[in-house]
Amino acid sequence: MSQNILVTGGAGYIGGSVVAELLSRTSSSIKGATVFATVRSEEQVQRLSKHGIGAIQLDLHNETAAMEAVIRNEIDIIIHTASSAVPSHVSNLVKALGRRRQVGGKETYFIHSSILTMFGEDGGWPSGEVRDTDPLFEKEKQLGTDHPGRATDIAVVEQAKAEGVVTFLVMVPTVYGKGSGQGRRLSVNIPAYVRTSIKLGIVYKFDKDGNPPATHISDLTALYALLVEKILQKEPIPSGEKGYYFAMAHRISWWAIMPRLAEGLHMRGLVTEPRAQTWPSYDMASEYLRWPPQFVRAMGTSSGQQIPINAYQIGWQPKWDEQRFLEGMDDEIKAALESDTVPATLFDKLLSPSKGSTGA
Ligand SMILES: NC(=O)c1ccc[n+]([C@@H]2O[C@H](COP(=O)([O-])OP(=O)(O)OC[C@H]3O[C@@H](n4cnc5c(N)ncnc54)[C@H](OP(=O)(O)O)[C@@H]3O)[C@@H](O)[C@H]2O)c1
C-alpha cells in the first residue's frame with residue numbers, strides 16, 4: 001500500500017489546506033500515510049515543522065532537487081498544487097515518480113491541479129456543454145499549447161504515460177472560503193475584490209456578469225482526500241487520458257456577489273458607495289486587481305458550460321451550494337480583512353514590475 005504523500009505548494013492556499021485535510025483524517029486509510037509538503041523558504045519550513053508537518057524546501061524548477069526529494073522520502077503519491085501552468089514543474093515531478101516506481105517496484109501517482117475556466121469560451125474552449133467524461137485530452141491536444149495551463153495538462157498526461165505513472169487532473173474552479181493551512185489562507189478572486197475596493201473606495205463590477213463554476217475550499221480538499229483514499233484502496237477510477245475531474249460544486253454570479261460586497265464594505269465605512277459601479281476599463285481592472293491582462297476577462301466575466309460527472313461518480317459530496325455561499329458573504333469579507341497577511345505570488349511572473357508595484 002502506498003503511504004508517503006507529497007503535497008507541493010504547502011504554504012499556499014490550496015496546498016496548505018490539502019495538507020491540513022489529509023492530517024485531519026483519523027478514520028480513513030489516509031491515517032496510516034505520512035504527509036510531506038514542499039515550500040520555498042526556510043521560514044516556511046520552520047512554520048510548517050512546528051505543526052508536525054514534514055516540510056521540504058524545494059524550488060520546483062530544480063530537477064535534481066525534485067528527484068532527490070522524491071527518492072529520499074520514498075514518495076508514492078504527489079498532489080501538485082504549486083503551479084497549474086508550468087510544464088517544467090510537472091515534468092520534474094513526474095520524472096521523479098517514474099524513477100521512484102523503478103526503484104521501489106510500486107505504482108506511483110500524480111494528482112495535478114489544473115484550471116477549470118480553460119474549458120469555457122474565454123479560456124479558448126469551443127462553445128457548448130463540456131463534461132469531464134468527454135475525450136478532453138484529445139480535444140486539448142487539438143487546441144494546442146497556447147494556454148500554459150493546457151500545455152501543462154498535456155505534459156502531465158504524456159510524460160506520465162512515458163514514465164508509467166498514474167495521473168489524475170483535478171480541474172479547479174473559482175475557490176472561496178478561508179483555508180486551513182499554515183501559510184496563505186485566502187484565495188484569489190474575492191480577497192482581490194475586497195482589497196481593491198478598499199483601496200479605490202468603490203466596489204467595481206465588470207460590464208458583463210460571469211457565472212463561473214465554484215467550490216468551497218473544504219469541499220475541494222475533500223475531493224483530493226477522496227482521490228487519495230481511492231488510490232490507497234486500489235479502487236479503479238478514471239485516470240490518465242480519462243482522469244479529468246471537474247471539481248465544481250455549483251456556480252456563482254459575480255453580479256449577485258458585488259452588491260453584497262458593496263453593502264458589507266459600506267457598512268464598515270470602507271467604501272464610499274453602498275452600490276457597485278462598473279469598471280471604466282479592463283486595463284484598469286487588471287492593474288488594480290493585479291490579475292494578468294490576458295486572464296482578467298476570463299477571471300471576471302467567464303461562465304462556461306462545464307458539467308462535472310467523474311468526481312460525483314467516485315462519491316464526492318460537496319456541502320456548499322450557491323445559497324450557502326451568498327449567505328456567508330460577510331464571512332468572506334471578514335476573512336479577507338483578517339487574514340490578508342501573506343502576499344500572493346501566483347501572478348508575479350505574469351505582471352510587469354510597474355504594475356506589480358501599483359497593486360494592492
Ligand atoms: N485559488 C483558486 O481559486 C484557483 C482556481 C483555479 C486554479 N488555481 C490554481 O491552483 C494553484 C494553487 O492555487 P493557490 O490559490 O493555492 O495559490 P497560492 O496560494 O499562491 O499557492 C501556490 C504555492 O506554490 C508555491 N510555489 C510557486 N512556485 C513554486 C516553485 N517554483 N517551487 C516551489 N513552490 C512554488 C508558492 O510558494 P510561495 O508561498 O513561496 O509563494 C505557494 O505557496 C495555482 O496554480 C492556481 O493557478 C487556483
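A few remarks follow.
- The stretch 155-195: number of residues that are in the same structural domain as residue 89 (by TED's automatic domain parsing), hydrophobic (A, V, I, L, M, F, W, C) and assigned to a helix (DSSP H, G or I): 5
- Qualifying positions in the stretch 61-81 - in contact with a Lys or Arg (Cβ under 9 Å, 6 or more places away or on another chain) and touching a residue at least 60 places away in the same chain (Cβ under 8 Å): 70, 74, 75, 76
- For the stretch 20-32, the criterion of being touching a residue at least 24 places away in the same chain (Cβ under 8 Å) and on the phi > 0 side of the Ramachandran plot is satisfied by no residue at all.
- Residue tally, condition open to solvent by 60 Å² or more (accessible area, probe 1.4 Å), closer than 24 Å to residue 248 by Cα and either at pLDDT below 95 or of a type in the set (S, T, N, Q) (or both), over the stretch 108-144: 6
- The stretch 108-118, residues that are within 21 Å of residue 189 (Cα to Cα) and away from the ligand (no atom under 16 Å from the Cβ): none
- Number of residues in the stretch 168-190 that are charged (D, E, K, R) and within 6 Å of the ligand (Cβ to nearest atom) equals 1.
- Screening 75, 30 for residues that are modelled with pLDDT under 95 and open to solvent by less than 30 Å² (accessible area, probe 1.4 Å) leaves exactly one candidate, 30.
- None of 353, 308 is modelled with pLDDT of 95 or more, open to solvent by 20 Å² or more (accessible area, probe 1.4 Å) and outside the structural domain of residue 44 (by TED's automatic domain parsing) except 308.
- Yes/no for residue 24 being more than 9 Å from the ligand (Cβ to nearest atom), within 27 Å of residue 191 (Cα to Cα) and assigned by TED's automatic domain parsing to the domain that holds residue 147: yes
- Every residue from the stretch 283-299 that is touching a residue at least 24 places away in the same chain (Cβ under 8 Å) and open to solvent by 40 Å² or more (accessible area, probe 1.4 Å): 287, 288, 290, 294, 295, 297
- Cβ-Cβ distances below 6 Å connect the following pairs, each with a first residue in the stretch 196-212 that is assigned by TED's automatic domain parsing to the domain that holds residue 273, a second residue that is among the acidic types (Asp, Glu), and a separation of six or more residues or different chains: 202/273.
- The stretch 145-156, residues that are of a type in the set (S, T, N, Q) and open to solvent by 40 Å² or more (accessible area, probe 1.4 Å): 145
- Residue 205 being under 20 Å from residue 116 (Cα atoms), at pLDDT 95 or above and charged (D, E, K, R): no
- On the stretch given as the stretch 9-49, residues that are touching a strand residue (DSSP E or B) at 6+ places or on another chain (Cβ under 6 Å) and within 21 Å of residue 104 (Cα to Cα) total 5.
- Subset of the stretch 131-154 (residues that are within 16 Å of the ligand (Cβ to nearest atom) and outside any helix (DSSP H, G or I)): 132, 147
- Residue among 237, 198 that alone is among the aliphatic types (A, V, I, L, M), closer than 30 Å to residue 280 by Cβ and surrounded by fewer than 21 Cβ atoms within 10 Å (Cβ to Cβ): 198
- Odd one out for residue 30, checked against (1) more than 16 Å from the ligand (Cβ to nearest atom); (2) among the β-branched types (Val, Ile, Thr); (3) not in a helix (DSSP H, G or I): (3)
Let's see how each residue does on (1) open to solvent by 10 Å² or more (accessible area, probe 1.4 Å); (2) more than 15 Å from the ligand (Cβ to nearest atom); (3) assigned to a loop (DSSP other than H, G, I, E, B):
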| residue | (1), (2), (3) |
| --- | --- |
| 59 | yes, no, yes |
| 82 | yes, no, yes |
| 102 | yes, yes, no |
| 106 | yes, yes, yes |
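- Answer from 46, 3 - the residue that is closer than 23 Å to residue 60 by Cα, at pLDDT below 95 and of a type outside the set (A, V, I, L, M, F, W, C): 3
- The number of residues in the stretch 33-43 being surrounded by fewer than 21 Cβ atoms within 10 Å (Cβ to Cβ) and either within 13 Å of the ligand (Cβ to nearest atom) or under 20 Å from residue 88 (Cβ atoms) (or both) comes to 4.
The values are calculated or read from the model by the stated rules, or taken from the named source; none is laboratory data. Given the structure is predicted, the values throughout are model-derived calculations rather than measurements. Quick reminder, even Gly has a Cβ in these numbers, built from the backbone with ideal geometry, and neighbours come from all protein chains shown. In case anyone asks, the SASA skips ligands and DNA or RNA and just uses the protein heavy atoms, side chains included. Shrake-Rupley method; radii C 1.70, N 1.55, O 1.52, S 1.80 Å.
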